[in-house]
Amino acid sequence: MAADTDKFQRQNDEVFYTSSPLTAIDGEDIAWLKARAMETPRRRARICAHPAADAPLHEMIIVHERGTYVPPHRHIGRSESYTIIEGRMRIVLFDEEGKIDGTVDMSTPGQGGTFFYRLSGPQFHSMLIDSDWIVFHEVTSGPFDPKTTEFASWAPGNDDPAAAQAAFREDLLQRLNG
């Protein structure tokens, strides 16, 4: 199995960069990444296939455990796309006030959902993980600049208490599931 000092270099507890110009991810790497995610408070982790935060193209393999909170946010001047590798999730789209504007049910090919998604405009969105784990490939433009991500003022942020995040997630599930 991959080790921090072997195939991937630790940026922080959730972010690992490939240490080679050739990136090849297999099932053992996904299992390793899930194990790293289980060690973090937010239960998520990623492998960056791009060489650094200032790269013009960012490609990541990302894992989130069920219940992971992703605050509603939008990207200014950037698009993003996801391709599902394992699991099921719903992308939830919101209007400016936080009203649900739509959903995209995502799953691996052949499982009844959409396996590819791209959002090119600055619309608020979040995700709900409907399986034990979601594993997806994300592509977005770089360089990484936190100023190009706007978090919704009407939802808890990453730094808010876990109870507030859980309450928002439960309310969102109720609104979606009726």
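Listed values, structure above:
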{"quantity": "Any hit, segment 3-13, residues being part of a helix (DSSP H, G or I), of a type outside the set (F, W, Y), surrounded by fewer than 17 Cβ atoms within 10 Å (Cβ to Cβ) and without any contact (Cβ under 8 Å) to a residue 60 or more places away in the chain", "calculated": "no"}
{"quantity": "Filtered residues of segment 62-113 (kept if of a type in the set (G, A, S) and assigned to a strand (DSSP E or B))", "calculated": "S81, G102, S107"}
{"quantity": "Odd one out for P21 among (1) farther than 21 Å from F144 by Cβ; (2) modelled with pLDDT under 95; (3) not acidic (D, E)", "calculated": "(1)"}
{"quantity": "Members of segment 145-178 found to be exposed (fewer than 11 other Cβ atoms within 10 Å of the Cβ) and either among the polar types (S, T, N, Q) or in contact with a helix residue (DSSP H, G or I) (Cβ under 7 Å, 6 or more places away or on another chain) (or both), listed by number", "calculated": "S153, Q174, N177"}
{"quantity": "Residue match in segment 136-155 (condition: more than 17 Å from R46 (Cβ to Cβ), assigned to a loop (DSSP other than H, G, I, E, B), of a type outside the set (G, A, S) and in contact (Cβ under 8 Å) with a residue 24 or more places away in the chain)", "calculated": "yes"}
{"quantity": "Residue list for segment 94-126, filter: modelled with pLDDT of 95 or more and in contact with an Asp or Glu (Cβ under 8 Å, 6 or more places away or on another chain)", "calculated": "F94, D95, D101, T108, T114, R118, L119, P122, Q123, F124"}
{"quantity": "Residue in segment 114-144 that is surrounded by the fewest Cβ atoms within 10 Å (Cβ to Cβ), counting only those that are among the polar types (S, T, N, Q) and over 19 Å from C48 (Cα atoms)", "calculated": "S120"}
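The values are calculated or read from the model by the stated rules, or taken from the named source; none is laboratory data. It should be emphasised that the depicted structure is a prediction, and the values quoted were computed from it without experimental measurement. Note that each Cβ is placed from the backbone with ideal geometry, even for glycine, and that neighbours are counted across all protein chains shown.
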